[in-house]
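The values are calculated or read from the model by the stated rules, or taken from the named source; none is laboratory data. Remember, predicted model here, so these are calculated numbers, not experimental data. Note: ideal-geometry Cβ built from the backbone for every residue, glycine included; neighbour counts use all protein chains shown.
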Amino acid sequence: MLQRTATTVENVPLAERTFRIRLHVPEIAAAIRPGQFVMLRLPGTTDPLLGRPFALYDTVLDNQQRPVAIDVVYLVVGKMTSLLAEIHEGEAIEVWGPLGNGFLDLDQPKQVTLVAGGIGQTPFLAYARQLLGQRGYGGDPARHITPKVTLYYGIRTAKLAAGVEDFERAGASVHLASDDGSIGHHGFVTDQLRNEKPPGPWIGCGPEPMLHALMKLAKEQGKTCHVSLETPMACGFGVCFSCVTKVKTPDGWDYKRVCVEGPVFDAACLEMSG
Ligand SMILES: Cc1cc2nc3c(=O)[nH]c(=O)nc-3n(C[C@H](O)[C@H](O)[C@H](O)COP(=O)(O)OP(=O)(O)OC[C@H]3O[C@@H](n4cnc5c(N)ncnc54)[C@H](O)[C@@H]3O)c2cc1C
Ligand code: FES
């Protein structure tokens with residue numbers, strides 16, 4: 001894990017209360033892989049004292065195709081994210097990472113279905129590019145893993161849809177769902193999934209109730225399902241045990257730290273999957 005002070009390149013709105021911040025931090029950009037995350041902290045303040053975890057949205061390449069910056073997309077929900085929205089170009093942010101395990105290996109599937117709820121689309125842009133063989137990450141060369149990536153993306157209302165064009169540009173086919181019917185399918189993304197039963201594996205990220213519904217459905221359908229958890233975290237690198245989740249083991253149950261052994265888990269191992 002590296003700890004660096006990054007310079008903000010830009011911090012732009014993508015949707016209602018949703019921003020994309022670009023941080024110039026070449027060593028972390030070169031090392032990080034899809035599904036991993038970074039902890040961000042504002043320097044010179046003790047409120048909030050602790051860093052906050054954010055998924056890699058994507059890395060940014062320079063003219064020589066070297067990764068030099070990372071993009072993070074965040075929804076303003078509380079203290080840190082409100083302050084983050086006030087950051088300007090040139091300002092410093094403390095970044096440590098890469099953290100977590102990243103997405104799990106898949107066995108050359110014909111299609112991968114990504115399922116996002118709320119701000120849960122953020123880990124999927126780099127992953128879509130990796131799966132489609134457009135980019136290698138963490139020093140690996142680009143490699144085709146699947147010819148087709150579909151993103152099912154559920155939000156409360158149309159104004160919260162963030163980054164849809166980025167996914168389309170990356171070559172993913174995007175299916176939107178909204179609770180209020182203002183965009184896409186009217187209803188929960190998991191209901192849309194139940195109706196359309198897209199080919200698997202299914203990879204999910206979003207609020208717990210959505211992940212519960214996804215894992216239950218995947219189990220009924222006999223699908224491989226991996227989920228990226230957004231459990232609140234204090235340290236982010238394995239020392240405080242504030243982030244544990246219960247997992248099945250051959251001997252019964254155990255607790256795993258989401259920040260180190262996750263955030264991505266095979267749903268078949270999680271207690272949440274029933
Ligand atoms: C591995 C990982 C990756 C993440 N990636 C992203 C991302 O890419 N973009 C993004 O916007 N957010 C992401 N999150 C969630 C993000 O860390 C929280 O939104 C952030 O910590 C909120 O900080 P805050 O100081 O603004 O809010 P706080 O003032 O700390 O909290 C505001 C409210 O949000 C609740 N809250 C805080 N953290 C979480 C959480 N993790 N889940 C549910 N409720 C929470 C609090 O209980 C409180 O009610 C991720 C979380 C994890 C664990
Ligand atoms: S956040 Fe401290 S152990 Fe996971």
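Quick one: in region 200-216, of everything that is outside any helix (DSSP H, G or I) and farther than 11 Å from TYR152 by Cα, which residue is farthest from ligand 2 (Cβ to nearest atom)? If we take residues in region 200-216 being outside any helix (DSSP H, G or I) and farther than 11 Å from TYR152 by Cα, then GLY200 is farthest from ligand 2 (Cβ to nearest atom).
Restricting to region 230-272, name every residue that is outside any strand (DSSP E or B) and either among the charged types (D, E, K, R) or surrounded by 20 or more Cβ atoms within 10 Å (Cβ to Cβ) (or both). Those that are outside any strand (DSSP E or B) and either among the charged types (D, E, K, R) or surrounded by 20 or more Cβ atoms within 10 Å (Cβ to Cβ) (or both): GLU230, MET233, GLY236, CYS243, ASP251, VAL258, CYS259, GLU261, GLY262, PRO263, ALA267, GLU271.
Taking every residue in region 52-81 that is in contact (Cβ under 8 Å) with a residue 12 or more places away in the chain and pairing it with any residue that is small (Gly, Ala, Ser) and within 16 Å of ligand 2 (Cβ to nearest atom), at least 6 positions away or on another chain, the pairs with Cβ-Cβ distances below 7 Å are PRO53/GLY236. All of ALA128, ALA116 fail the test of being part of a strand (DSSP E or B) and either out of contact with any Asp or Glu (no Cβ under 9 Å at 6 or more places or on another chain) or not acidic (Asp, Glu) (or both), apart from ALA116.
Of all residues in region 217-239, count the ones that are more than 21 Å from GLY102 (Cβ to Cβ) and out of contact with any Ser or Thr (no Cβ under 7 Å at 6 or more places or on another chain). Total satisfying the criteria: 3.
Of VAL264, VAL258, VAL239, all but one fail to be modelled with pLDDT of 95 or more and in contact with an Asp or Glu (Cβ under 9 Å, 6 or more places away or on another chain); the exception is VAL258.
Here is the figure for region 41-75: residues that are near ligand 1 (Cβ under 9 Å from one of its atoms) and either among the hydrophobic types (A, V, I, L, M, F, W, C) or under 18 Å from GLY136 (Cα atoms) (or both) total 8. Filtering region 216-251 to residues that are of a type in the set (Val, Ile, Thr), touching a Cys at 6+ places or on another chain (Cβ under 6 Å) and over 13 Å from PHE37 (Cβ atoms) leaves only VAL247. Checked against (1) crowded, with 20+ Cβ neighbours inside 10 Å; (2) without any contact (Cβ under 8 Å) to a residue 24 or more places away in the chain, PRO13 passes all but a single condition, namely (1).
Exactly one residue among ALA162, ALA116, ALA172, ALA126 is touching a Leu at 6+ places or on another chain (Cβ under 6 Å), away from ligand 2 (no atom under 16 Å from the Cβ) and closer than 17 Å to PRO263 by Cα, and that residue is ALA126.
Residues that are in contact (Cβ under 8 Å) with a residue 40 or more places away in the chain, part of a loop (DSSP other than H, G, I, E, B) and either closer than 22 Å to TYR127 by Cα or in contact with a Phe, Trp or Tyr (Cβ under 7 Å, 6 or more places away or on another chain) (or both): does region 191-198 have at least one? Yes; the residues of region 191-198 include at least one that is in contact (Cβ under 8 Å) with a residue 40 or more places away in the chain, part of a loop (DSSP other than H, G, I, E, B) and either closer than 22 Å to TYR127 by Cα or in contact with a Phe, Trp or Tyr (Cβ under 7 Å, 6 or more places away or on another chain) (or both). The residues in region 28-51 that are touching a residue at least 24 places away in the same chain (Cβ under 8 Å) and either farther than 17 Å from ALA85 by Cβ or in contact with a His (Cβ under 8 Å, 6 or more places away or on another chain) (or both) can be counted, and the count is 13.
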